[in-house]
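The values are calculated or read from the model by the stated rules, or taken from the named source; none is laboratory data. Everything quoted here is computed from the prediction, not taken from an experiment. Virtual Cβ from ideal backbone geometry, glycine too; neighbours counted across all protein chains shown. The protein model used for the area step is the full one, side chains on, heavy atoms only, and it has no ligands, DNA or RNA in it. Shrake-Rupley method; radii C 1.70, N 1.55, O 1.52, S 1.80 Å.
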Amino acid sequence: MRVRRWTQIAGTLVANPLFAYFSTRTIYQGRAKGICFPGFNCYACPLALMSCPIGSLQQSLTLIGPNKSASAAGSAFGQVARQGATNSIGALLYVLGFIGIIGVVSGRLVCGWICPFGFLQDLLYKIPAPKLKLPRFMRYGKYVMLAVLAMLIPYLTGVHWYSRLCPAGSLEGALPLEAIPPRASLPPIGWFFWLKIGILVFFLAWMIVTKRPFCRTACALGAAYAILTPVSLYRMHVDSTCDRCEKCRDVCPVDISIYENANSPECVRCLDCKKECPVGAVSSGFRLGLTGDEEDEPLPEKGNVEKKGGKH
């Protein structure tokens, strides 16, 4: 098994290690829930140890928003930000700082190597089925989700709407809690529960036929990291030996050609392109290991490249 698969498994277990829930039936609410996990993992999962950065971001915004009373009325994320900071502004700065540090240091590397929900999408895409391309414009959906559904609307309404509709929350939180209920009583199942399940089923089916559709169209955390990827310290680089054979795109979990923009906001730094490149044109490392000349080196036009060893 490739190293990346092991790190994805490890990331999933680190985020969700509390198997004692099966005997205690009590959802953990200790200090670790005030710490953000860098990947996309539901806080409400009965096995979760830490909080989701997007859930914490929503909570911190509701604490400073005009409708604070809604936030205080028993949200599943009600204690996340308060445990991570002493006041509402401090909570917001903590979450933004956490996301900012991860993004500036590594870009979307967490998405490719640690994120449990990204891991699920990689696995489901391996199921034999007709495969569909994702229209390019749909990539912008995740930025709308971040700005509107995960930030603006929670700030105005005091309700964590992104988390309430999130398919990861339904898969990791709603379904397990209904299947194995905690000691505390759950609200009765209603139409909103089935709406959440419908969204989950839609995305699960889409994951089988399209490479990481949730990451590319709807993940607010991925959008936050993507904004910082072009300036991150960890860099990708494609040199002039690239012959644009498209083997990088064939193995890419987000379906991009790395030579078009080595530090694209879409790139999850999985490094599969680096491994598969037949001419070794792809390299990676921290900014200090790359000179400005290397980063700015232009690629030759397709068709003008003398291919080594014949046509690939």
(request) Report, to the nearest 10°, how far helix 3-15 tilts away from the longest principal axis of the Cα atoms in the chain, using its own Cα long axis and a range of 0 to 90°. (result) 10
(message) Please compute the length gained on full extension between Asn67 and Ala32, using 0.36 nm multiplied by the number of residues separating them and subtracting their Cα-Cα distance.
(response) 9.9 nm
(request) Could you list the square roots of 5 times each eigenvalue of the Cα gyration tensor of the chain, that is, the equivalent ellipsoid semi-axes, sorted largest first and rounded to whole Å? (result) 38, 21, 17
(request) With a point put 7 Å past each Cα toward its Cβ, work out how far Leu152 is from Val3 in nm, to one decimal. (result) 4.2
(request) Mind pulling the angle between the C-alpha long axis of helix 53-64 and the longest principal axis of the chain? Nearest 10 degrees, somewhere in 0 to 90. (result) 50
(message) Quick check for region 96-245: number of Lys pairs with alpha-carbon distance under 19 Å, counting only pairs 8 or more apart or on different chains?
(response) 6
(request) Just need the relative contact order of region 130-276 here, percent rounded to a whole number, with Cα pairs under 8 Å and 6+ apart. (result) 26
(message) Calculate the FRET efficiency for Ala205 and Phe19 from the Cβ-Cβ distance with a Förster distance of 41 Å, rounded to the nearest 0.05.
(response) 0.90
(message) Please return the longest range in the chain lying between exposed loop sites, taking GluC sites (Glu not before Pro), DSSP loop only, at most 10 other beta-carbon atoms within 10 Å, and leaving the sites out.
(response) 1-300
(request) Any chance you could give the angle, 0 to 90 degrees and rounded to 10, that helix 88-106 forms with the longest Cα principal axis of the chain? (result) 20
(request) Could you tell me whether region 132-243 comes out rounded, prolate or oblate from its Cα gyration tensor? Rule is a ≥ b ≥ c as square roots of the eigenvalues, rounded for a/c under 1.5, then prolate if a/b exceeds b/c, otherwise oblate. (result) prolate
(request) Place a +1 charge on the Cβ of each Lys and Arg in the chain and a -1 charge on the Cβ of each Asp and Glu, then give the dipole magnitude about the Cα centre in debye, rounded to the nearest 20. (result) 780
(message) Tell me the per residue accessible area of the chain using a 1.4 Å probe; a whole number in Å² is fine.
(response) 47
(request) Would you work out what percent of the accessible area of the chain, with all protein chains in place, is carbon or sulfur (probe 1.4 Å)? (result) 67
